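In what follows, a single structure is set out as structure tokens and then discussed.
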Ligand SMILES: [Zn+2]
């Protein structure tokens, strides 16, 4: 991914939990789960920082959307960023892994930011597949309209496939779960970390080769698990998008931040 001679920056990487939702394991895998039991979802945004360069990955949803969707909103993603010393109003770059409602809300939180998104994702959420109610389910028209407004405000950067967007920081097209889903790969003090986002909701998706029920393309989803493995330095370097285990496997980013913000680097 590197341009010749370019030295990667070393990035700090954080996962910030902002919401929670109860559900059963059988609801999380196509074909159900013979070991059924509670298997909740956590909701995260991620922050990457190197010196004064900051990238926020995904924007989460707010209290009102949580109410509408029956999710348990814990804290605004903005509050988590502030806790790390990142002022949302000053953020210059936001990467959207995909346009699902739980990844692309809080439209006015980053008034100065450019938004990085895959071309195919915007085509998907504004195109003919959205004539199907099932396909629209994880999207919110308000999020899509907000992105179209940003586009016309000159604030969207389209990527088509893989792209290095800063030294040691790249996006990687996966598709699968959503037509234009992208992962983020980042160079850290412990090596290459991959923010899989919804390329894998849980570690179990990758470990068992089982796919989350809401999926645009099953084959591309399975290929995505393999791709994440190729891009990351080890399994332990792949961060799934919704697994409560993330908070247990990685250390809190500071005192009192357990169950809220962990360091992935
Ligand atoms: Zn999603």
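Every number in this text was worked out from the coordinates using simple rules, so none of it is lab data. Just so you know, these numbers come straight off a predicted model, no measurement behind them. Glycine also receives a Cβ, built like all others from the backbone with ideal geometry; neighbour counts cover every protein chain displayed.
Annotations for the structure displayed:
- Extension gain (nm, one decimal) between residue 162 and residue 79, 0.36 nm per residue minus Cα-Cα: 26.8 nm
- Footprinting exposure proxy for 115, 152 (fewest neighbouring C-beta atoms within 10 Å first): 152, 115
- Working note: 222 nm ellipticity from helices only, DSSP H runs with n ≥ 4, each -39,500 (n - 2.57), summed and divided by the residues of the chain, gives -6000 deg cm²/dmol to the nearest 500.
- Between the C-alpha center of region 217-249 and that of region 59-114 there is a gap of 22 Å.
- From least to most packed, judged by other beta carbons within 10 angstrom and beginning with the fewest, 110, 139 follow the order 139, 110.
- Prolate/oblate/rounded label for the chain (Cα gyration tensor, a/c 1.5): rounded
- The chain, relative contact order [Cα under 8 Å, separation at least 6], %: 20
- Note on residue 69 and residue 126: the extension gain reaches 18.4 nm, defined as 0.36 nm multiplied by sequence separation minus the Cα-Cα distance.
- Cα-Cα separations in region 209-260 greater than 17 Å, expressed as whole percent: 51
- This ranking places 120, 49 by how few other beta-carbon atoms lie within 10 Å of each, fewest first, which gives 49, 120.
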